[in-house]
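See below for the structure under consideration.
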Amino acid sequence: MMKRLVFFLFSLLLFSAINAQVKSPEEFLGYKIGARYTPHWRIVSYFQHVTQNNPATVRLQQYGETNEHRPLYLTFISSPENISNLENIRMNNLRLANLSKDKMAPSENAPAIVWLSYNVHGNETSSSEAALLTLFALVDPKNTQTREWLKNTVVIIDPCINPDGRDRYVNWFNSIVGANYNPRLDAREHREPWPGGRTNHYNFDLNRDWAWQTQVESQQRIIQYNQWMPQVHVDYHEQGINQPYYFAPAAQPYHEAITQWQRDFQVTIGKNHAKYFDKNGWLYFTKEIFDLFYPSYGDTYPVYNGAIGMTYEQGGGGAGGLGADTDEGDTLTLYDRAIHHYTTSLSTIEISSLNASSLVKEFRKFFNNAVSGSVGEYKTYVVKNTTADAERINALLKLLDKNNIEYSSGSGAGRGFNYGTGKEDAFTVAAGDIVISSAQPKATMVKVLFEPQSKLVDSLTYDITAWSLPYVYGLTAYASKLPVVVSGKVKTDPVQNNAADGYGYVIRWQGMQSAKAVAQLLRQNIKLRFAEMPFEVNGQSFARGSVIIIKKGNEKAGNNLWSIVSKVCNANNVKMNAITTGMVDKGFDFGSSKVHPMKTLKVALMTGEGVGSNAAGEVWHFFEKELEYPVTLINANDFSRVKWSDVDVLILPDGNYRFLSDKAMSDQFAQWVRSGGRVVALESAVAQLSRQDWSTVKLRKDEEKDTTGKKDPYLLLKSFENREKDEVPGTTPGSVFKVDIDNTHPLMYGYPNYYYTLKMDNTIYDFIKENGWNAGVIKKDNQVAGFVGFKLRKKLKDGLVFGVQEMGRGTITYLSDNVLFRNFWENGKLMFCNAVFMVGQ
């Protein structure tokens, strides 16, 4: 005890002596915050400066780097005593959450942990500037108030979640602004070029990626988050220039899993902010727009992990520049925006410090309720593990691991909600099945991610309303209201192929592991074939789409053939099934016309102006980071410069394509397809193609009618007050439908006779009548989860969702729903691979 006291007194003296050397942001940078934009490297430099001059109260940790190799940092600020005891505080906090592997009892006499995350959207730039001010306020020796707060609070600052996006915006802005900024909104400094700085390198919105962790920034950050599990988390944003500041409490809907304490403390925090905003005469709003429902935001993910999670929104994002004219005739400056975020930063720390004891106690209560099994009506989720689903199961387990969700094997039988039928059915737990109990620390995350239907109290939501993992991964699953016996860890032994010289091998086409292996083999110029029909050979059964590798055609690989194949398959955990002959016992022999060669394809992706940046980014990231297959990005405005002979497959993501509105260019495009070109179109690209006179897919047009079947003129009469809610009956913000599919068509190889699609809009297409295939259709009463307005529900039936048009020697694949949605809709990825590699071969 005496040693610890001596160390504390020494640290305090060191703190007082060194703090005099700490520079303010203005002193360090040479300009006042808001006078210009601070590039990421200078933000990092300032945090390093403060850390070097405050070792007793500040720790800086690099936790990763971005795609463009910019460093990612966390900064820990607290009292000298807390900083010297930081690891013990972290471990105690995990014990409070029942997440520690040791058996030590936690102490509730612990500091509250407040995590502030700045600049997740790169062009919402003011918050990283505010982070500089916040850091200095916490270490400023003259600020006795913050020093008092830090006695019972540990503050964690992530100064910039998205450095690549921030620097994309800042470097652009600094390169085009004049000697003085121009506040006119028609000035070029307010017209950010495509794709904008909002997203990361691959055009992903990192604020939608917390739970799914598809992006490297999210993956590295959430590892740290789950090692700390703060009691309070704030995610800083910006919104339209003319909107006042937004802070908690959030808008409805709240997910029902959010506790009363979490709801009430949002109000407590909001009142504290209001005190400062009222004093300064700043406008703000609460309880509107930004809800707490979708689980992958920077506010909801912390909430479902026991924290008080909040979004703060300042006006000025994207188009704000250094100053911008508002509709009220004012000029909104970068300084204004930064000082507002700085104010809520300190206000959050203050109110957390004042309520530190309650925050810790309620945090402990949240996780004690979790392990007691009292969260949600369903006590167990059972995922059936069949051979055909093995790759989807592996992908699911990776997601659970990322979120520290426990799972096990089990035994016994029971009854539960069948995700496939929507009814209560009996089930048995077999060897290999996955059992996820609700009695675990991450019980709330389990409930939110697995519950069949999340309850909505308000249909005006900010994002999708359905994401239940059995639908996302296309798995057979049951939700039981009773516990299921668990029997140990799930065994996931890696595949180890020791390929011997022989006639050949077959790879089953079952998911992303096999698709990635095939893509990599094609990239290495290994000649492959795929079977159009099921077949049996050497006592083994293989489904449609199975990929065959034989020596014929692979002579160039010589004796290295099987070592190349086995290396790729082992890396992707894919089994090579040995065969000794090309004469099958059932089905068609390998020389049949029903067995097709797979060509190494030259794939191009349309991108640039007019193309949805998020949509293009999903495809780009999928090819580079998941398939590891080359793709050429072509600006849509360069259509006339494309060397079409070097393109086998063209992908048109969601967008508005100028060349399809020009008759001459559209005809040129159609001629390329007829000559053997293959197109994969997604979302609104399907709608634009459907308007071409050569397309056989046509958008269905419906008119609202009254009960007599006539068009109703009174439908035009609406209340101004209800203008937002009046739109709801004809929309869906994101719901799940069961699609009936033709799994004999190459587009649907590897699927059962159904697929769960995420419907994001009100479009549906007439069935293809000629020269094509209705590969995926929605029939009546096929909605399974999420909100759909009653008017739209009547429309979304008996129509096409996925189809293929044959056009000369080429094809157009129509994917009207986004099968790569945010790259977390796992079950759609194989369909996209089918569209690229199988259709039209």
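Only one of (1) over 29 Å from S296 (Cα atoms); (2) modelled with pLDDT of 95 or more; (3) in contact with a helix residue (DSSP H, G or I) (Cβ under 9 Å, 6 or more places away or on another chain) is not met by K795, so which one is it? In the conditions (1) over 29 Å from S296 (Cα atoms); (2) modelled with pLDDT of 95 or more; (3) in contact with a helix residue (DSSP H, G or I) (Cβ under 9 Å, 6 or more places away or on another chain), K795 misses (2) alone. For segment 176-215, what are the residues that are more than 14 Å from H121 (Cα to Cα) and hydrophobic (A, V, I, L, M, F, W, C)? Passing the criteria: I176, V177, A179, L185, A187, W194, A211, W212. Among residues of segment 453-483 being within 17 Å of the chain's Cα centre (by Cα) and part of a loop (DSSP other than H, G, I, E, B), the one that is farthest from G420 (Cα to Cα) is Y462. Could you list all residues from segment 323-351 that are part of a loop (DSSP other than H, G, I, E, B) and either of a type in the set (S, T, Y) or buried (at least 20 other Cβ atoms within 10 Å of the Cβ) (or both)? Passing the criteria: only T326.
Can A413 be described as of a type in the set (A, V, I, L, M), surrounded by fewer than 16 Cβ atoms within 10 Å (Cβ to Cβ) and out of contact with any Asp or Glu (no Cβ under 8 Å at 6 or more places or on another chain)? Yes.
Any idea how many residues of segment 184-204 are of a type in the set (G, A, S) and in contact with a helix residue (DSSP H, G or I) (Cβ under 9 Å, 6 or more places away or on another chain)? Looking only at that region, the number is 2. So for segment 421-428 (the condition being open to solvent by 20 Å² or more (accessible area, probe 1.4 Å), outside any helix (DSSP H, G or I) and within 30 Å of G306 (Cα to Cα)), does at least one residue qualify? No: segment 421-428 contains no residue that is open to solvent by 20 Å² or more (accessible area, probe 1.4 Å), outside any helix (DSSP H, G or I) and within 30 Å of G306 (Cα to Cα). Return the residue satisfying two criteria in turn: it lies in segment 277-298 and is among the polar types (S, T, N, Q) and part of a loop (DSSP other than H, G, I, E, B), and of such residues it is surrounded by the most Cβ atoms within 10 Å (Cβ to Cβ). The residue in question is S296. Total residues in segment 182-214 satisfying the condition of being of a type in the set (A, V, I, L, M, F, W, C), under 18 Å from the mean Cα position of the chain (by Cα) and assigned to a loop (DSSP other than H, G, I, E, B): the figure is 4. Among the residues of segment 377-389, none qualifies, meaning not one is touching a Gly at 6+ places or on another chain (Cβ under 6 Å), in a helix (DSSP H, G or I) and open to solvent by 20 Å² or more (accessible area, probe 1.4 Å). Cβ separations smaller than 9 Å between residues 6+ apart or across chains give no pair from segment 276-287 residues that are on the phi < 0 side of the Ramachandran plot to residues that are in a loop (DSSP other than H, G, I, E, B) and acidic (D, E). If you go through segment 179-206 and keep only what is among the polar types (S, T, N, Q) and surrounded by 17 or more Cβ atoms within 10 Å (Cβ to Cβ), you end up with N182, T199, N200, N203. Here the condition is being at pLDDT 95 or above, of a type outside the set (S, T, N, Q) and farther than 30 Å from A370 by Cα; of F47, F10, F76, it holds for F47 alone.
For the structure I just gave you, tell me whether Y714 is closer than 27 Å to R508 by Cα and either open to solvent by 90 Å² or more (accessible area, probe 1.4 Å) or at pLDDT 95 or above (or both). The answer is no for Y714. Could you check, for segment 441-454, whether at least one of its residues is open to solvent by 10 Å² or more (accessible area, probe 1.4 Å) and of a type in the set (A, V, I, L, M)? No, segment 441-454 contains no residue that is open to solvent by 10 Å² or more (accessible area, probe 1.4 Å) and of a type in the set (A, V, I, L, M).
Results for (1) open to solvent by 10 Å² or more (accessible area, probe 1.4 Å); (2) in a loop (DSSP other than H, G, I, E, B), shown as yes or no for each residue.
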{"site": "Y225", "(1), (2)": "no, no"}
{"site": "D235", "(1), (2)": "no, no"}
{"site": "I241", "(1), (2)": "yes, yes"}
{"site": "P253", "(1), (2)": "no, no"}
{"site": "K275", "(1), (2)": "yes, no"}
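Put simply, of R90, R95 the only residue that is basic (K, R), surrounded by fewer than 24 Cβ atoms within 10 Å (Cβ to Cβ), more than 25 Å from D336 (Cβ to Cβ) and in contact with a helix residue (DSSP H, G or I) (Cβ under 7 Å, 6 or more places away or on another chain) is R90.
Listed conditions (1) of a type in the set (A, V, I, L, M, F, W, C); (2) at pLDDT 95 or above; (3) in a loop (DSSP other than H, G, I, E, B) are all met by V446, apart from (3). V631 fulfils the conditions (1) touching a residue at least 40 places away in the same chain (Cβ under 8 Å); (2) in contact with a Phe, Trp or Tyr (Cβ under 9 Å, 6 or more places away or on another chain); (3) among the β-branched types (V, I, T) except for a single criterion, (1). Under the condition of being touching a residue at least 12 places away in the same chain (Cβ under 8 Å) and open to solvent by 40 Å² or more (accessible area, probe 1.4 Å), the residues counted in segment 460-494 number 13. Would you say L72 is within 30 Å of F173 (Cβ to Cβ) and crowded, with 24+ Cβ neighbours inside 10 Å? It is false that L72 is within 30 Å of F173 (Cβ to Cβ) and crowded, with 24+ Cβ neighbours inside 10 Å. Scan segment 400-419 and give yes if some residue there is at pLDDT 95 or above, touching a helix residue (DSSP H, G or I) at 6+ places or on another chain (Cβ under 7 Å) and under 14 Å from G511 (Cα atoms), otherwise no. No: segment 400-419 contains no residue that is at pLDDT 95 or above, touching a helix residue (DSSP H, G or I) at 6+ places or on another chain (Cβ under 7 Å) and under 14 Å from G511 (Cα atoms).
Just one of (1) open to solvent by 10 Å² or more (accessible area, probe 1.4 Å); (2) not in a strand (DSSP E or B) fails for Y301. It is (1). Identify the single condition in (1) within 13 Å of V382 (Cα to Cα); (2) in contact with a Leu (Cβ under 6 Å, 6 or more places away or on another chain) that L449 does not satisfy, given that it satisfies every other one. Condition not satisfied by L449: (1). Collect the residues in segment 102-137 that are closer than 25 Å to R90 by Cα, open to solvent by 10 Å² or more (accessible area, probe 1.4 Å) and either within 33 Å of the chain's Cα centre (by Cα) or not charged (D, E, K, R) (or both), keeping them in residue-number order. Correct list: D102, M104, A105, P106, S107, N109, A110, P111, F136.
The values are calculated or read from the model by the stated rules, or taken from the named source; none is laboratory data. Note that this is a predicted model, so its numbers are computed, not measured. For neighbour counting, all protein chains shown are included, and Cβ atoms are generated from backbone atoms with ideal geometry for every residue, glycine included. Surface areas here come from the heavy atoms of the whole protein model, side chains and all, with no ligands, DNA or RNA. Shrake-Rupley method; radii C 1.70, N 1.55, O 1.52, S 1.80 Å.
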